[in-house]
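Below is one structure, written out as structure tokens; the observations come after it.
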Amino acid sequence: MSNETAFVVFSAIKAIAGFSIMMFMVAYVVLAERRVCAFIQDRYGPNRAGPFGLLQPIADAVKAFIKEDFTPAHVRKVFFWLAPAIIMMPAIINLAVIPFGSQLGKQPMVIADLNIGVLYIFGIASLGVYGIVLAGYAANSKYPLIGGVRSAAQLVSYEVAMALSIIPVLMIAGSMSLQEIVGAQSGGFFKWFVFQQPLAFAIFLGASFAETNRTPFDLPEAEQELAGGYNVEYSAIKFAMFFMGEYANMILASAVIVTLFFGGWTLPIFGLDKPAQTLLAGIAHICIFLSKLCFFLLVFIWTRWMFPRFRYDQLMRLSWKAFVPLALINIAVTAILMWIKK
Amino acid sequence: MEGILFYIISAVAVLCAVMVVANPFSKNPITSALFLVVTIISLAGLFVLLNAFFIAIVQILIYAGAVVVLFLFVLMLIDLNEEQKRRIKFATIISGLIGAGAMIYVIISALCKSGFSSANKNAIEGSPSALGNAFFSRGEFLLPFEIVSVLLLVAICGSIYIAAKDKNKL
């Protein structure tokens with residue numbers, strides 16, 4: 001096999017594997033959400049299909065596919081079909097730059113290690129707003145429209161805070177390539193950027209809750225006030241696509257948090273913070289990454305069932321009057337400290 | 001391979017750009033805005049073919065991710081029926097033609113000055129650090145960069161002043 005064919009073949013394998021693992025995780029994060037929320041509320045949750053309800057995702061998928069896919073008469077048809085498709089895309093495209101391991105044999109465990117990886121993630125993630133806005137507009141009725149407008153304002157505002165919050169991390173790492181940012185965090189727990197940049201982490205975490213439309217920032221789909229928000233008019237598999245999109249975005253947000261702040265696939269014990277030389281270490285790195293990822297998914301789920309929702313003006317004030325100024329101060333302070341140390 | 005991709009992407013860009021202004025199927029401004037997004041993404045694709053990844057992704061981040069979202073935000077809230085019924089006035093056509101002509105003149109004169117040779121191809125490549133150094137080095141782009149920053153600051157202050165409800169509090 002020539003170098004070029006090998007590259008194409010291995011990239012395709014990695015892309016398909018990444019996509020499959022992500023879809024599998026989406027299915028089970030939904031189940032985890034329902035089970036965890038049930039435990040928090042002192043209920044059982046879905047435990048009938050299979051042991052511990054583990055076959056529930058299959059039952060849900062079958063149900064979503066064979067339900068009637070109803071298109072209300074007053075919707076704008078093209079946008080109505082487009083929106084659920086768009087909502088899944090950014091999370092899947094962004095998978096390309098996430099380093100989910102060091103290397104297996106000679107293959108680096110990232111589909112494309114761009115030198116602008118972080119910017120790529122922000123660029124593609126910023127397209128996610130179209131799915132929700134279009135869904136709100138396509139429905140052609142008032143609650144979805146309010147949901148869509150809310151989400152446009154919310155996502156654009158929090159993108160600013162999110163992008164500003166990670167600049168200190170990039171300054172310390174000296175690179176925008178995710179693999180190099182992971183490399184900069186090797187050699188001890190306190191090298192992890194969550195300990196070096198706790199404020200950046202706090203802002204980023206808050207902003208990623210807002211970007212993924214999770215409580216306490218889930219105003220675009222606030223059930224109690226908007227009857228479900230932008231997805232009111234959708235049914236069957238189209239509704240399921242919105243649902244899956246939300247969880248796919250959540251998985252991606254967790255992956256980015258792990259990579260930027262928690263050392264990615266590294267663990268500073270047993271020499272696991274260097275690129276793997278053996279096959280076993282390579283697999284261990286992937287497992288470490290996935291376990292960190294699952295931990296943050298649990299944090300996302302747990303937060304949703306513990307905290308009430310913000311009011312809309314509070315949400316905007318938090319972004320523009322707290323997150324953005326704090327992030328700017330953090331950049332200035334980090335720059336001055338780095339300059340003094342030099 | 002690159003040649004074929006170039007033609008596909010440019011065709012998509014031009015076709016969508018035409019659809020932004022003259023869509024035979026719908027006069028809905030939201031449709032135009034979405035075609036604008038596709039145009040912007042294909043332009044980013046052209047930058048990728050030139051190995052200018054940074055510019056490509058900034059193009060998507062700023063134009064597709066922020067500017068057009070704000071367009072949509074406004075378009076969804078205003079009464080579009082009024083806009084769809086409006087007839088195009090003669091003066092609008094004239095001013096549009098003058099604007100487009102001036103733009104074409106600028107582009108063509110810039111192209112003639114730099115020439116069409118492929119030697120310029122590498123000039124557009126740039127890692128983020130190279131770009132940063134160019135922006136903040138004296139004698140390169142420091143002055144234009146700072147002027148643009150001041151311009152943006154003025155624009156921000158102006159928009160806050162216009163949007164403020166109680167002007168005495170400012």
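The values are calculated or read from the model by the stated rules, or taken from the named source; none is laboratory data. Note that this is a predicted model, so its numbers are computed, not measured. Neighbour counts run over all protein chains shown; Cβ positions are idealised from the backbone, glycine included. Calculation scope for accessible area: heavy atoms of the full protein, side chains included, ligands and nucleic acids excluded. Shrake-Rupley method; radii C 1.70, N 1.55, O 1.52, S 1.80 Å.
Structural remarks
- Top-ranked residue in the range A:119-142 [being more than 8 Å from every other protein chain (Cβ to nearest Cβ) and of a type in the set (V, I, T); ranked as nearest to A:T212 (Cα to Cα)]: A:I132
- No other residue among A:A91, A:A59 is open to solvent by 40 Å² or more (accessible area, probe 1.4 Å), in a helix (DSSP H, G or I), among the small types (G, A, S) and more than 11 Å from chain B (Cβ to nearest Cβ) apart from A:A59.
- Of the numbered criteria (1) assigned to a helix (DSSP H, G or I); (2) of a type in the set (F, W, Y); (3) touching a Leu at 6+ places or on another chain (Cβ under 8 Å), the one A:Y158 fails is (3).
- Pairs meeting the criteria (first residue in the range B:50-72 and at the interface with another protein chain (Cβ under 7 Å from one of its Cβ atoms), second residue open to solvent by 20 Å² or more (accessible area, probe 1.4 Å) and not in a helix (DSSP H, G or I), beta carbons under 8 Å, at least 6 apart or on different chains) are B:F53/A:L114; B:F53/A:N115; B:F54/B:G126; B:F54/B:S127; B:I60/A:L127; B:A64/A:L127; B:G65/A:L127.
- Unmet requirement for A:F70, which otherwise passes all of (1) without any contact (Cβ under 8 Å) to a residue 12 or more places away in the chain; (2) open to solvent by 30 Å² or more (accessible area, probe 1.4 Å): (1)
- Test result for A:F193, at pLDDT below 80 and over 18 Å from A:M88 (Cα atoms): no
- A:I98 being surrounded by 21 or more Cβ atoms within 10 Å (Cβ to Cβ), more than 11 Å from chain B (Cβ to nearest Cβ) and of a type in the set (A, V, I, L, M, F, W, C): yes
- Filtering B:L75, B:L36 for residues that are more than 10 Å from chain A (Cβ to nearest Cβ) and either buried (at least 19 other Cβ atoms within 10 Å of the Cβ) or touching a residue at least 24 places away in the same chain (Cβ under 8 Å) (or both) leaves a single hit, B:L36.
- Helices (runs of 4 or more DSSP H) enclosed by the range B:18-99 - at least 1 residues per element that are at pLDDT below 90 and of a type in the set (D, E, K, R): B:80-85
- Number of residues in the range B:106-115 that are farther than 21 Å from B:V21 by Cα and open to solvent by 80 Å² or more (accessible area, probe 1.4 Å): the value is 4.
- For the range A:280-288, the criterion of a residue being free of Cβ contacts under 8 Å to residues at least 12 places away in the same chain and within 22 Å of A:M162 (Cα to Cα) is satisfied by no position.
- A:I269 being more than 24 Å from A:V149 (Cα to Cα), open to solvent by 60 Å² or more (accessible area, probe 1.4 Å), of a type outside the set (D, E, K, R) and not in a helix (DSSP H, G or I): yes
- Among the residues listed as B:A110, B:A119, the single one being within 21 Å of B:A44 (Cβ to Cβ) and either modelled with pLDDT of 75 or more or out of contact with any helix residue (DSSP H, G or I) (no Cβ under 8 Å at 6 or more places or on another chain) (or both): B:A110
- Considering the conditions (1) within 21 Å of the chain's Cα centre (by Cα); (2) within 14 Å of another protein chain (Cβ to nearest Cβ); (3) not in a helix (DSSP H, G or I), A:S175 is excluded by exactly one of them, (1).
- Residues of the range A:38-54 satisfying the condition of being at pLDDT below 85 and aliphatic (A, V, I, L, M): A:A49, A:L54
Conditions tested, residue by residue: (1) open to solvent by 30 Å² or more (accessible area, probe 1.4 Å); (2) within 23 Å of A:D113 (Cα to Cα).
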| position | (1), (2) |
| --- | --- |
| A:L155 | no, no |
| A:V169 | no, yes |
| A:M176 | yes, yes |
| A:F195 | yes, no |
| A:G206 | no, no |
| A:I237 | yes, no |
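- In the range A:79-88, residue farthest from B:S32 (Cα to Cα) [restricted to those that are away from every other protein chain (no Cβ under 12 Å) and aliphatic (A, V, I, L, M)]: A:M88
- Of the listed requirements (1) open to solvent by less than 40 Å² (accessible area, probe 1.4 Å); (2) farther than 21 Å from A:K14 by Cβ; (3) at the interface with chain B (Cβ under 9 Å from one of its Cβ atoms), A:L145 misses just one: (1).
- Residue tally, condition within 7 Å of chain B (Cβ to nearest Cβ) and either in a strand (DSSP E or B) or open to solvent by 10 Å² or more (accessible area, probe 1.4 Å) (or both), over the range A:106-118: 2
- Of all residues in the range A:307-342, those that are among the charged types (D, E, K, R) and under 24 Å from the mean Cα position of the chain (by Cα) total 3.
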